[in-house]
1. For Val129, are the conditions met, namely being of a type outside the set (Ser, Thr, Tyr), closer than 30 Å to Asp63 by Cα and either without any contact (Cβ under 8 Å) to a residue 60 or more places away in the chain or in contact with a Pro (Cβ under 6 Å, 6 or more places away or on another chain) (or both)?
2. Is it the case that Arg56 is surrounded by 15 or more Cβ atoms within 10 Å (Cβ to Cβ) and among the charged types (D, E, K, R)?
3. Look through the stretch 71-99, keep the residues that are closer than 30 Å to Leu8 by Cβ and β-branched (Val, Ile, Thr), and return whichever of them is nearest to the chain's Cα centre (by Cα).
4. For the list (1) in contact with a strand residue (DSSP E or B) (Cβ under 7 Å, 6 or more places away or on another chain); (2) in the same structural domain as Asp148 (by TED's automatic domain parsing); (3) surrounded by fewer than 18 Cβ atoms within 10 Å (Cβ to Cβ), I need the number of the one condition that Leu77 fails.
5. When residues of the stretch 218-240 are filtered for being in a helix (DSSP H, G or I) and in contact with a strand residue (DSSP E or B) (Cβ under 6 Å, 6 or more places away or on another chain), how many remain?
6. Report yes if some residue within the stretch 72-87 is outside any loop (DSSP other than H, G, I, E, B), within 23 Å of Ser185 (Cβ to Cβ) and of a type outside the set (A, V, I, L, M, F, W, C); otherwise report no.
7. Could you check the stretch 142-183 and list, in sequence order, the residues that are touching a helix residue (DSSP H, G or I) at 6+ places or on another chain (Cβ under 6 Å), within 14 Å of Glu70 (Cβ to Cβ) and not in a strand (DSSP E or B)?
8. With respect to the numbered conditions (1) more than 30 Å from Asp163 (Cβ to Cβ); (2) in a helix (DSSP H, G or I); (3) among the hydrophobic types (A, V, I, L, M, F, W, C), which one is the sole condition not fulfilled by Ala215?
Amino acid sequence: MAMNGIRLIAADLDGTLLLDGAREVPDEVFDQIRGLAASGVRFLAASGRQYYNLRRLFAPVADDILYLCENGSLVMLDDEVLLKRCMPRDLGEEVCRAIMADPRLELLVSGVHTNYAFASSPAFIDHLVNEVGTRTTPIDSFDQIHEDFLKVSFYAKDPADLDAAAPAFEERFGDALKVVVSGASWFDVMCRGVDKGSALAAISGELGIAAADMAAFGDNFNDAEMLDYVGHPFLMESGQPALRGLNDRIELVGSVPAKLTALLAE
């Protein structure tokens with residue numbers, strides 16, 4: 001039995017482990033992950049980010065943790081695909097064209113090992129590569145994407161543009177797809193049933209760890225299913241107030257490292 005019955009801890013990145021626009025994981029977290037492992041607790045990075053980007057962020061412990069990527073579309077364990085849930089190609093391209101038709105938005109298509117953005121948006125690609133730190137492949141047409149679409153995302157510098165655009169996508173594609181907030185400037189479009197909670201359920205079956213023995217840290221609506229699935233949900237004090245009533249197990253925390261320190265002390 002691990003500490004307090006917890007055998008796996010999942011942590012969102014943006015707005016949770018990375019606060020106030022931080023771009024790097026605090027160094028103390030790597031020692032905490034090692035301490036968790038010594039206590040029999042596995043650590044899972046659970047994010048809307050791509051696998052390559054997450055491995056870079058967790059470089060000192062990259063081979064020792066699990067990765068829930070692309071908001072639950074992809075789960076990686078020991079550098080192998082544990083779970084991959086894709087969007088039908090025709091539907092994905094239809095969503096892409098709808099995004100491209102809105103001049104306020106930039107388009108990003110997620111694959112397993114790289115993202116795809118149109119070369120006609122060099123400033124956006126520069127933002128992805130040099131600010132966000134993602135592996136991004138410039139393309140000129142969808143024919144250059146020779147893999148499945150995990151998810152499709154749209155980005156806008158002005159969050160008001162995102163809020164204005166989202167209802168149209170929900171109305172047009174809502175029967176098959178859902179639009180979820182994935183960051184201050186990002187919305188993700190994914191198949192219904194694809195989320196961090198259902199990905200954790202798959203991990204539970206694979207590793208034999210019950211939901212009651214899992215903990216999770218999150219802050220936003222794309223974390224809701226994950227926070228509702230686990231036995232020990234931790235919501236950031238700076239997170240979405242609407243999630244505070246998600247279930248009767250929610251505990252508010254101000255800092256992931258501080259809470260991990262407390263858990264390790266227990």
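The values are calculated or read from the model by the stated rules, or taken from the named source; none is laboratory data. These numbers were taken from a predicted model, which means no experiment stands behind them. When we count neighbours, we look across all protein chains shown, and the Cβ atoms used for this are built from the backbone with ideal geometry, even at glycine.
1. yes
2. Spelling it out, Arg56 is indeed surrounded by 15 or more Cβ atoms within 10 Å (Cβ to Cβ) and among the charged types (D, E, K, R).
3. Val75
4. (2)
5. Here the count works out to 4.
6. yes
7. Leu150 - this is the single residue of the stretch 142-183 that is touching a helix residue (DSSP H, G or I) at 6+ places or on another chain (Cβ under 6 Å), within 14 Å of Glu70 (Cβ to Cβ) and not in a strand (DSSP E or B).
8. Every condition holds for Ala215 apart from (2).
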